[in-house]
Every structure is written in structure tokens, then in C-alpha cells.
Amino acid sequence: MKELVVISGKGGTGKTSIVGAFAALTAGKVLCDADVDAANLHLLMRPRIRERHDFRSGHKAVIDEQRCIQCGDCLERCRFDAISASFSVDPLSCEGCGVCVHFCPTGAIDFPESLCGEWYSSNSRFGPLIHARLGIAEENSGKLVTLVRKQARSLAENLSVDLILTDGPPGTGCPVIASIGGASAVLIVSEPTVSGVHDLERVGNLAECFGVPVMVCVNKADLYWDAVKEIERLCQARGYPIVGRIPFDPAFTRSQVEGMTIIEYGDVPGKAALEELWEKVRLQLDRINQ
């Protein structure tokens, strides 16, 4: 089974548009949206949710008024000022460290697992989709990414599908680490800017740390060819194949507004570039898995 994860050093580079186009161009795959902090692949896929599951992770302290003797021990020990003078816990301030629970002399503080979000198994117009929604201000997005990828792999095995297309999160933090471990390859979407070159270097370093093969495409490449040349020099030095140079095309935005992929939108420059990109990515995946 092959899993391609599309990532970038920052948000807004076009990852979801590219994954949506790939979904429209290939059959026999499972789609996965691992960008749980800001999931948006469903906006293009228009999924019908089949299963809905709670995601619980981490703990929050809750003081039972009936058992609490208001000794002030928890108030003194809490380093996050999450406990008020009236001995109630602010769930937004509580970091779930458990110190108050451990030292409470009467065992008056409960420590239930937190409801952090939901994950879904859906049918979309381009195939099955596993996606999720992390709650507002909730943490543990790395664990939810791991869960979503695990469910996508399980579904692909059950359906005897040999390809998973994953829309990954941006950056180099925990969610990205959770999204690329064990992947067949990553496609890094870069932009022709000074920061784009730097972002590519950072996320490339991360992929190399996990031994995941890297491919690179440059979005909006025709806006600044000098930066594209710098990206090409970096890729050549590191051995990253450049599989596509996508031109700036306003049709990408127009197609998204209409809930369509660029492939469905019409005969526009972006469509031809994505078709060529997918063909090169597919060939690279075949080589990697030989």
C-alpha cells in the first residue's frame, strides 16, 4: 500500500487544491485529511458522513464540591492559575498536569478524559474520505492525526485499495511529524518566495529525519522565476525531484468558490499543470515502491 502525503512549510500554498485534483484524476484510493486543526478537504469532496466518532485525549481537573474541604492545597500547587478562589477549575486554563489530583487530601478532584473533537468516515464523490475536526483551543492534534491516518489505512485494507492520498498539515510541528511517519513519499508544495525556499528546506529536513522520500512542486511558479531557480538549486543539491511547476491561475480560486476541483472546472492552465503533475508523481511513487 502506498501513501502520498502532501505537505508544505506554511499554510495557503495549495495543498488541498492539489490533493483534490489528484482525487479527481485517479480511481481506487482512500482520501485522508490530516490537517485536523484547519480541515478543508471536505469543502471540495462534499462528503456524506457515514460514521461519526468522538476523539478524547488528555485530561482536565474537575473539583467535586461535595467532597472538597476547601483546604487550598490545590490552589497553592496549581502553576497555571486554573483554580479560582471559589475552588472551581477553568477548563481553558487547566493544562491537565494532574498535580492537584495527586495531592488532594480528600480525593475531591476528578480527572476525566477530555472530549477534544470528532473524526468521521465519509463517502465523497471521489471515494471514501477519513477526516476530523479538532475542537476550538484543543491540543493533541498529533494524536488525532495519527488516529485519522490509522483509520484511513484500515479502510484501504478492507477495500483492497493500494493508494492513500493524504492532505497533510503545514509547518514542521507535531501534526506534521504525525502525518509523515511511515508514509511512502511526501510531496512538498513550495512557493517562489524567499520564505518559500526557507520553508522547503525546513520541511525537507523533517522528511529526511524520518527517511521519507521527497518530491517537490512549485505553485504559482511564474510569479518569480528567480526564486524558482533557487528552489531548483536546493532540490538538485538534496536530490529532490521537481515534479511540477504550477502557473498562477485565478481559476483555482473560482473553482473552490464553486466547490469544484480545478480538474472539473474547465480547460484552464491549472488543469493541464495538475494533470502533468499527477502523472509525474504517480511514476515517482511506482519507482519508490519497486
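In units of 2.2 N^0.38 Å, what is the alpha-carbon radius of gyration of segment 1-153?
1.38
In whole percent, what relative contact order does segment 61-111 give with Cα contacts below 8 Å and a gap of six or more residues? Let's see the in-between values first.
Working: 73 pairs, mean separation 25.8, N = 51.
So the answer I get is 51 percent.
Counting alpha carbon pairs within less than 8 Å and at least 6 residues apart, what relative contact order, in whole percent, applies to segment 11-134?
Values: 210 pairs, mean separation 48.0, N = 124.
Once normalised by length, the contact order is 39 percent.
Over the alpha-carbon set of segment 181-290, divide Rg by the Kirkwood Rh and report the Rg/Rh ratio to two decimals.
0.99
Once Rh for segment 1-85 is found with the Kirkwood sum over Cα pairs, what is the Stokes-Einstein diffusion coefficient at 25 °C and 0.890 mPa s, in µm²/s?
Translational diffusion coefficient: 138 µm²/s.
When the Cα atoms of segment 61-111 are enclosed in a convex hull and the volume is divided per residue, what value in Å³ results? Mind dumping the intermediate values first?
Working: hull volume 3.2 nm³, N = 51.
Spread over its residues, the Cα hull of segment 61-111 gives 64 Å³ apiece.
Which residue, Pro105, Pro213, Pro250, has the most motion in a Gaussian network model of the chain that connects Cα atoms within less than 10 Å?
Pro105
Run the Debye formula on the Cα coordinates of the chain, all scatterers equal and no solvent, and tell me log10 I(q)/I(0) at q = 0.07, 0.09, 0.17 1/Å.
-0.33, -0.51, -1.27
Under 20 Å from the Cα of Lys271, which aspartates and glutamates turn up, not counting those fewer than eight places away in the same chain?
Asp167, Glu191, Asp222, Asp249, Glu258, Glu279
Of Ser84, Ser195, Ser179, which has the largest mean-square fluctuation in a 10 Å C-alpha GNM of the chain?
Ser84
Classify segment 213-265 as rounded, prolate or oblate from the Cα gyration tensor: take a ≥ b ≥ c as the square roots of its eigenvalues, call it rounded if a/c is under 1.5, otherwise prolate when a/b beats b/c and oblate if not.
The shape class here is oblate.
For segment 101-182, just say rounded, prolate or oblate: build the C-alpha gyration tensor, square-root its eigenvalues into a ≥ b ≥ c, call rounded for a/c under 1.5, and beyond that prolate if a/b exceeds b/c, oblate if not.
Here segment 101-182 falls in the prolate category.
Defining a contact as two alpha carbons under 8 Å apart and six or more residues distant in sequence, what relative contact order in percent does the chain show?
26 percent
Could you list which residues have their amide H under 5 Å from that of His59, counting only those 5 or more apart in sequence or on another chain, with H placed in the peptide plane?
Result for His59 returns Ser114.
Quick one: compute a quarter of the convex hull surface over the Cα atoms of segment 119-258 and quote it in nm².
Result: 9.9 nm².
Where a number appears in this text, it was derived from the coordinates with a stated rule and is not lab data. Predicted, not measured: the structure shown is a model, and the values here were computed from it.
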